[in-house]
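For reference, the structure is listed below as structure tokens.
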Amino acid sequence: MAAKPDAKTHDLRTLFIRSVSFDAEESHLEAAFSEVGPVKQCFLVRVKGQPKHRGFGFVQFALPEDAERAVGELNGKNLCGRKLQ
């Protein structure tokens with residue numbers, strides 16, 4: 001049985017992304033962030049019972065170093081007409 005990942009390491013790999021254009025989808029987010037490193041998971045938080053998202057989401061990288069690099073390289077990047085934060 002594999003050991004459970006350290007919660008602290010998991011947190012360092014996950015980024016909270018805000019100011020996401022309402023025209024953007026998960027595929028746009030994943031494409032932008034995968035330029036930095038392998039993306040393990042990404043999702044946009046949706047309005048309950050509706051297909052539209054709330055303008056923010058999460059991206060989880062395989063490595064904490066990639067998440068740190070993404071903050072430096074992609075903060076303020078234009079994605080579908082809005083600057084990511």
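We did not get these values from a lab; they are worked out from the coordinates using the rules stated. Note that the structure is predicted; figures quoted are calculated from it, not measured. Cβ: placed from backbone, ideal geometry, glycine included. Neighbour counts: every protein chain shown.
Around Ala62, with a cut-off of 10 angstrom between Cβ atoms, what is the net charge of the other residues, counting Lys and Arg +1 and Asp and Glu -1? Mind dumping the intermediate values first?
Values: positive: Arg13, Lys40; negative: Glu65, Asp66.
Summing Lys/Arg as +1 and Asp/Glu as -1 gives 0.
Would you mind telling me which residue in Val20, Val45, Val36 has the biggest mean-square fluctuation in a Gaussian network model of the chain, where springs connect alpha carbons within a distance under 10 angstrom?
Val45
Dipole size in debye (nearest 20) for the range 9-83 around its Cα centre, Lys and Arg Cβ +1, Asp and Glu Cβ -1?
Details: 11 positive and 10 negative charges, 92 e Å.
Around 440 debye, computed over the range 9-83.
Shape verdict for the chain, please, from the Cα gyration tensor: rounded (a/c under 1.5), prolate (a/b greater than b/c) or oblate. Please report the intermediate quantities before stating the final value.
Numbers: a/c = 2.32, a/b = 1.41, b/c = 1.64.
It comes out oblate by the Cα gyration axes.
Quick check: net charge around Phe33, other residues with Cβ under 10 Å of its Cβ, Lys/Arg +1 and Asp/Glu -1? Walk me through the intermediate numbers first.
Details: positive: Lys77; negative: Glu30, Glu35, Asp66, Glu73.
Around Phe33, the surrounding residues sum to -3.
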